[in-house]
Every structure is written in C-alpha cells, then in structure tokens.
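The values are calculated or read from the model by the stated rules, or taken from the named source; none is laboratory data. This one's a predicted model, so the numbers in the text were calculated from it and none came from an experiment. Cβ coordinates were reconstructed from backbone atoms using ideal geometry, including for glycine residues, and neighbour counts include every protein chain displayed. Quick note on the areas: whole protein, heavy atoms, side chains included, nothing else; ligands and nucleic acids left out. Shrake-Rupley method; radii C 1.70, N 1.55, O 1.52, S 1.80 Å.
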Amino acid sequence: MNALFFKITLISYSLGTLAFLGYLLAGKKELLSRFSLIITGIGFLFHTVTLLTRTYDAGYVSLTRLSDATAFFAWALVMVFLLVEFRFRIHVLGSFVLPLALISMLSGVMLPTEMHSPDSAMHKAWVYLHTALALLGAVAFAIAFLVGVMYLIQERLLKSKQLNNLYNKLPPLDLLDELNHKAVILGFGLLTMGIIIGAWGAGYVSGWYWDPREIFSLAIWLFYLIVLHGRITVGWRAKKAAYLAIIGFIGVIFSFVGVDLVWKGQHSFL
C-alpha cells in the first residue's frame, strides 16, 4: 500500500511540475494555474500519507537514511510552497519548487529503502529532532536559493526591457529580496537549533567526532552568519544576496549528499 501511495505522489508531482512549467512559459492560463495547484495539493496529501504509513510500518521515525531524508525534504519543500502560496499568492514559485521536489523524490528512489532497526545511539528523540531541524533549515535555504534564481531572472528581464509574460508573472524585486532575507533568517535559526541539539546529544552519548559532516555543517552555519551580518552592516542585498543564496544552497546540498560520496563518518546517512 505504501508503494502505491508513493507512486501516486510521484505521478502527482510530475504532473504538477509539467503544469507549473507550462504556466510559467505560456500566457495567462487560469485553468492550467488551478490544475497545477490542485494536483500539487493531491500529491502533498499522498506524500503525507506515504511518510505516515512508512513510519507506522517501521515502528519508528526514520530520518537517518538518505532516502528518507530526501523524501522528508521534498515533503517539507512542497508544504512551505503551499503556505507561501496561501500567504503571498506567489503562484509562479511552484514552477521552481515542484521541479526541485520532484528531483529530490526521484533521487530517493535510486537509494536503498529497506528498513533496518537503528542502533541504540541513533534511536533517540534528540537524533530525530536534530535531523529534522537540519532538514527544515535546508528547506528554508532551498527557498532562498529558488527566490534568488527568480530575482536574477526578473532583474535581467528588467535590464533588457523584456516586459513579457514571464516578467508579469514573477514578483517584484523588492518582494523577492524580502523573501530571500526571511528564508535565510529562518534557515539560519533552524540550523542553529539543530547544531546545538546535535552537539549536546553527541557529547552526551559518544562525544564530538569532528567528522566531515560536522565540519561542513559548521562551515555552512558560518557562511550564512556572514551573509546575515553583511546584509545588516554592509548592505548585501538584492543581486548580491541572490548570488549568496545560490552559493550557500550548493554548500547545503554537498553537506547532505556530497559528503557521503567522498567521506564516511559518524554522521553519514545509513
């Protein structure tokens, strides 16, 4: 049954991606706009059921394997989009969010999905909380990245005076810059709490190992701290803030995925 829910989720997100991209490239298509939002909502519903049934079947919450982490990341990313759509009515954001969520889901398909009983050190509430906060922080940084891409596209359209359908669908630059800033603040706060809980738990259970993921997590935290400080003191806004959001998210991806491909440490996904 869980496999069926997962397939429905993939199909829904695939259709949603095509619909949102069609909306982005076509003229004003109200029917396509409504369909893309409805099919995304259906996909999110089945995605939620998929995660719940998988947790029920396993008997515990699993976020320590890369396949589960990518599924949770995609779920939270779509959830944030739906909340932003409800609050700000930025429908075009779905044209950027859905493809990234679909890529995350498809990458998880290629990873091992069989459930294993975690060891006693990993089967702790603080591990779940630490991982969930880190993943939610990554989602916020992903939103900042996508909004940054949208900012650069809109800024280029304005400079070249291409006031076409795409220009009309993208939000104003000031709003995109504001969303970028808010997303970075939220992501930084979540990552900070995740690091604090992880450091406390690791020190309590087995000690601080300074393995590659811990080092990269601290490097990413320091990078975003500099970004926020630079925005306040030096005025790193607008185009520069968009580029920094893109660079930062590349680091986030490497921290979650690339580290395991190069090194294996205490924080490697199972």
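At a glance:
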quantity: Given (1) modelled with pLDDT of 95 or more; (2) not in a helix (DSSP H, G or I), index of the condition residue 113 fails; calculated: (1)
quantity: Residue identified as modelled with pLDDT of 90 or more and more than 20 Å from the chain's Cα centre (by Cα) among 20, 5; calculated: 5
quantity: Which listed residue is open to solvent by 20 Å² or more (accessible area, probe 1.4 Å), in contact (Cβ under 8 Å) with a residue 40 or more places away in the chain and on the phi < 0 side of the Ramachandran plot, from 169, 182, 159; calculated: 169
quantity: Residue that is farthest from residue 33 (Cα to Cα) [pool: residues in the range 101-110 that are surrounded by fewer than 19 Cβ atoms within 10 Å (Cβ to Cβ) and at pLDDT 90 or above]; calculated: 106
quantity: Every pair of residues 6+ apart whose Cβ atoms lie under 8 Å, when the first sits in the range 217-238 and is over 15 Å from residue 189 (Cβ atoms) and modelled with pLDDT of 90 or more while the second is among the aromatic types (Phe, Trp, Tyr) and surrounded by 13 or more Cβ atoms within 10 Å (Cβ to Cβ); calculated: 230/236; 238/151
quantity: Which listed residue, of 64, 55, 70, is open to solvent by less than 40 Å² (accessible area, probe 1.4 Å) and either in a helix (DSSP H, G or I) or of a type in the set (A, V, I, L, M, F, W, C) (or both); calculated: 70
